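All remarks here apply to the structure that follows.
The values are calculated or read from the model by the stated rules, or taken from the named source; none is laboratory data. Please read these numbers as outputs of a predicted model, since none were measured by experiment. All Cβ positions, glycine included, derive from the backbone under ideal geometry; neighbour counts span all protein chains shown. Side chains included, ligands, DNA and RNA excluded: accessible areas come from the protein's heavy atoms. Shrake-Rupley method; radii C 1.70, N 1.55, O 1.52, S 1.80 Å.
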Amino acid sequence: MRKVMIAIGLAAGAALLFGQIPIDTNIVLEEAGHVVGEVYRGPGIETAATYTEHWIQYPTFVTPGPRTLATLNLVPKAITPYSSESEFFAKAAFPKGSKYVKVLAEESPFLPAVQRGGLPGNTFDLFESGNKVGEIFEPARVAGANHYLQHWVLFSNYVYPGPKSLAVLSVVPQSKSRYSDENDFFKRVAFAEGGKYIRVTADEYTDFPRSR
C-alpha cells in the first residue's frame, strides 16, 4: 500500500485514545457539522497502557492546523455498527480518495523527561462541553512524510468519548503554538494529579485493508 502524508490523527488523534471501556467503540468525525470520517477501537483496552485505533478520513476531511484552523469533533455512537475489528474492515465505508490511519497510543501517568534538541510544532486544545480537558503538541512534520507523532496531555476532568459517556471531544488548533518546541511543552504544559500523557504515533495509507 502506498502511504501519504498523514492528516491528524489525533493527533488525533488519536486517544485518540478515547474510552477505555470493554466494548467496541465507534466514533464519528465531524467538521463544521459535516461527517468527514469515523474511528473504530476494539474492546478489551480498559486496563491497557497501549492500544490501537483505526481512523478513516473521507475526502472532505480537512486537516486541523494553524493554516486551516479546522475544528475536529469526535462524536461517539451509542451503538456501534461493528461487532468486531474484522467486521469494521469488511463493512466500513471507504469512499474514493479517503485515507486510512492506523494509530498507536501509549499511555502513561508521567510526562517524558525533558531532553535536548526538541522539535518545534503546533498545538491544539481539547474541549468537552465547553471545558478545556487537555492539550496536544504535534512536532513539525517533514513534507511528504507518511508517519507522525503527537503528544497528548489529558487533564483529570477529561471524559473518554464512548457509548457510555457519549462525551463529544473537540480538537481546536491554535493559530500559533504557545510552546517553542516539544521540550518546552513538557516543561510548561499543565499536568496535575490525575492527568495522563499519551504518546500517539500514526501511519496513513491511501488503501483500506479489507482483509484482516
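Taking the stretch 166-212 as the range and being open to solvent by 40 Å² or more (accessible area, probe 1.4 Å), without any contact (Cβ under 8 Å) to a residue 60 or more places away in the chain and touching a strand residue (DSSP E or B) at 6+ places or on another chain (Cβ under 7 Å) as the test, only Arg178 passes. Restricting the search to the stretch 116-133, which residues are open to solvent by less than 50 Å² (accessible area, probe 1.4 Å), in contact (Cβ under 8 Å) with a residue 60 or more places away in the chain and out of contact with any helix residue (DSSP H, G or I) (no Cβ under 7 Å at 6 or more places or on another chain)? The answer is Thr123, Phe124. Taking the conditions (1) loosely packed, with under 15 Cβ neighbours inside 10 Å; (2) closer than 23 Å to Val36 by Cβ; (3) modelled with pLDDT under 95 in turn, Ala113 satisfies each one other than (2).
Pairing each residue of the stretch 137-151 that is outside any strand (DSSP E or B) with any residue that is aliphatic (A, V, I, L, M) and open to solvent by less than 30 Å² (accessible area, probe 1.4 Å), provided the two are 6+ apart or on different chains, yields C-beta distances under 7 Å for Asn146/Val4; Asn146/Ile6. Considering only the stretch 155-163, I want to know if a residue exists there that is in contact (Cβ under 8 Å) with a residue 24 or more places away in the chain, out of contact with any Phe, Trp or Tyr (no Cβ under 8 Å at 6 or more places or on another chain) and under 26 Å from Ser86 (Cα atoms). Yes: the stretch 155-163 contains one or more residues that are in contact (Cβ under 8 Å) with a residue 24 or more places away in the chain, out of contact with any Phe, Trp or Tyr (no Cβ under 8 Å at 6 or more places or on another chain) and under 26 Å from Ser86 (Cα atoms).
Of the numbered criteria (1) surrounded by 15 or more Cβ atoms within 10 Å (Cβ to Cβ); (2) under 18 Å from the mean Cα position of the chain (by Cα); (3) at pLDDT 95 or above, the one Gly65 fails is (3).
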